[in-house]
């Protein structure tokens, strides 16, 4: 009967092993994904990303997401944060390529050590064979943002709603930001198609300095009839300077026309009150969600995106503003009722 | 007799800045007469000079005491944000008092860290620069509202931000502060003690001067003036952002140095600091007007700073030899 006891013991062990294996197979894998960002708490757009990450965690409860950023725009600081993140061995990283030279080394190191990387918000603008070998890029296209904004202005001018662009001032709040230069290049090439010229004006980010620099330029270049702002928060400053110089900056068929990249309560109220022609949005919410989906599918199914995923620009104007009001309230705590900036 | 007077005038710490302003007027009048002398150009330059000059006066006082304050740009930002944010609960007078109290408090804390902690002011105020800027981000979450219409019409807002006798209030306030504080420095005991502390602290101590108290007053005054500059800015144009005061500390220091303040302490001029602010603002404005790539002006401010230092040093040596 010894053999019977052995069979019973064997069956029992096999049963326990099978049960354990089944239990392990049913337990989903835990992942930790980190977004290393240049968009800090000084930039309200951070909330688009963190809100999207919260939604992602609700849908994928076995994934923990983290958002790390610095408040000052600094390439060195971003590199330091990225190095720290790589050292913590996450299961995936999303990072903006604010400077390909500075970030190439750390990102290649992460990829070589088996950490998948998705670029978001700002891509490596080199041809695909030369660029940093991240999995994919999720975000707006800085050049396209400027280009489409220029095309939008030309379309509206052809419809007689605004003047045809003659000289565009691209108001750059940070001279070293590659993405801002790409936006300026985009609008420069778009308006060049109707014979207009573009000035890349470094305004600084401080409100008083911005106004002083812009006024200096507009006073001596009265032929300027469009200003492209790099954030909606500078649009009222541009509007006020142009207004003080008697350049008729409201949306009509004469004088100055104000454009903006980025949309929030200030931009929405500017659109509603006729101070701002259009503000482009780069699909920020999607940029906080899609990178993690691809990282997740990479781990679960081995999927890899075969092309970049462009989330913007989305042109926001008076025709679709009501769709952005609820989003604005969710992200910024206020919608287009915030008109104080334009007074 | 004339030679002696010239020599005495050349020994003034702000002589270099006065010559610089005269040269600037001459050069820009030659290059761009109609643009430079237009009302909007000089009005804009004077308006921004008033804001930067107010900060530079405070910086000059600290430099005279052989210290430095790198946090003024952030203090300027925080005071402005505090004014705008607290106005909803405290009203305009309450918000101004609270915002100025915050500015003064930061100056006092930094002074205590320098004096009691025996830490170089460059390190303490560099920490202050980042810490205060961080406070702005945490407090605002990245977005700042503007003053409502009724608060803009308040008499106190108009007093600091409107026009007085047809001139921008900020210009008159800065000019008034410069005159009053110059009198304090050149005619009152505090000025003597400040310059003595900055010139040679040990000698000042041996003569019974409480150098710690002098430095505390200098730091508090510097922060208060940076805060007041923010009130002047926002009372006039209340649309702002968390970037308020971004990098202004460097321009304030540059203005004080161009104006004749020696970083080794004991020598300086408040008029010079304001003229230094005028030179920086005027050069930047005119460079942009003349079509120079705008990003060049940062390099140009650096060049002006170096040239001014060499010029000031040469003047001191020349005046010394003449004497």
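All of the numbers you see were taken from the coordinates with simple rules; none came from a lab. Please read all numbers here as calculations on a predicted model, not as lab measurements. Note that we place each Cβ from the backbone using ideal geometry, even for glycine, and neighbour counts take in every protein chain shown.
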### Summary
If A:29, B:251 are placed from fewest to most neighbouring beta carbons inside 10 Å, the sequence is A:29, B:251
### Query
Cα centroids of the stretch B:140-172 and the stretch A:271-343: how far apart, whole angstrom?
34 Å
### Query
Can you tell me the Rg and Dmax of the stretch B:64-154, counting just the alpha carbons, in angstroms?
14.8, 47
### Query
Could you give the nm distance between label points at residue B:108 and residue A:252, where each point is 7 Å from its Cα heading toward the beta carbon?
5.3 nm
### Task
Report the label-to-label distance for residue B:88 and residue B:126 in nanometres (one decimal), using points 7 Å from each Cα along the Cα→Cβ vector.
3.7 nm
### Task
Specify the inter-centroid distance of the stretch A:171-193 and the stretch B:203-242, based on alpha-carbon positions, in whole Å.
39 Å
### Summary
Sorted largest first, the C-alpha extents of the stretch B:247-289 along its principal axes in whole angstrom are 38, 20, 11
### Message
Quick check: the angle from helix A:100-112's long axis to the longest principal axis of chain A, C-alpha only, nearest 10 degrees?
### Response
10 degrees
### Message
Defining a contact as two alpha carbons under 8 Å apart and six or more residues distant in sequence, what relative contact order in percent does the stretch B:13-322 show?
### Response
36 percent
### Query
Per 10 Å bin from zero, what fraction in whole % of the C-alpha pairs of the stretch B:13-322 is there, up to the bin with the longest pair?
7, 27, 34, 23, 8, 1, 0
### Query
How many nm separate the modelled label positions at residue A:66 and residue A:104, each set 7 Å beyond the Cα in the direction of the Cβ?
2.8 nm
### Task
Report the residue, chosen from A:84, A:215, A:240, that carries the largest GNM mean-square fluctuation when chain A is represented by alpha-carbon nodes joined by springs under 10 Å.
A:84
### Task
At 0.36 nm per residue, minus the direct Cα-Cα distance, what do residue B:307 and residue B:37 gain on full extension? Give it in nm, one decimal, please.
94.7 nm
### Message
For chain A, take the longest principal axis of its alpha carbons; what is the angle in degrees between that and the long axis of helix A:235-244, to the nearest 10 within 0 to 90?
### Response
10 degrees
### Summary
For the protein assembly as shown, percent of DSSP beta bridges that are antiparallel (nearest 5) comes out at 10 percent
### Task
Mind sorting B:219, A:210, B:160 by how few other Cβ atoms lie within 10 Å of their own Cβ, fewest first?
B:160, A:210, B:219
### Residue mean of other protein chain beta carbons inside 10 Å, B:136-142
5
### Query
What relative contact order, as a whole-number percentage, does chain A give when Cα pairs under 8 Å and 6 or more residues apart are counted?
16 percent
## Note on the structure
Here the residues of the stretch A:26-54 lying in the modelled label zone of residue A:84, meaning backbone nitrogen under 17 Å from a point 7 Å along Cα-to-Cβ, are A:33-42
### Query
Convex hull over the alpha-carbon atoms of the stretch A:195-327: what's its volume per residue in Å³?
150 Å³
### Task
Would you please calculate the Kirkwood hydrodynamic radius of the protein assembly as shown over all C-alpha pairs and express it in Å, rounded to one decimal?
27.3 Å
### Base-10 log of normalised Debye intensity for the stretch B:100-248 (one unit scatterer per alpha-carbon) at q = 0.21, 0.22 Å⁻¹
-1.33, -1.37
### Summary
Listed residues B:81, B:119, B:231; largest mean-square fluctuation, Gaussian network over chain B with Cα springs below 10 Å, found at B:119
### Query
For chain A, what Kirkwood radius comes out of the mean inverse Cα-Cα distance, in Å?
22.0 Å
### Task
May I ask you to list the residues of the stretch A:260-282 whose amide nitrogen lies under 14 Å from a point 7 Å from Cα along the Cα→beta-carbon direction of residue A:194?
A:277-278
### Task
Could you tell me how many degrees, from 0 to 90 and to the nearest 10, lie between the Cα long axis of helix A:321-332 and the main elongation axis, the longest principal axis, of the Cα atoms of chain A?
60 degrees
### Task
Diagonalise the Cα gyration tensor of the stretch B:217-272 and give the resulting equivalent ellipsoid semi-axes, square root of 5 times each eigenvalue, largest first, whole Å.
25, 13, 10
### Message
Counting other beta carbons within 10 Å of each residue's own, what order do A:247, B:188 fall into, fewest first?
### Response
B:188, A:247
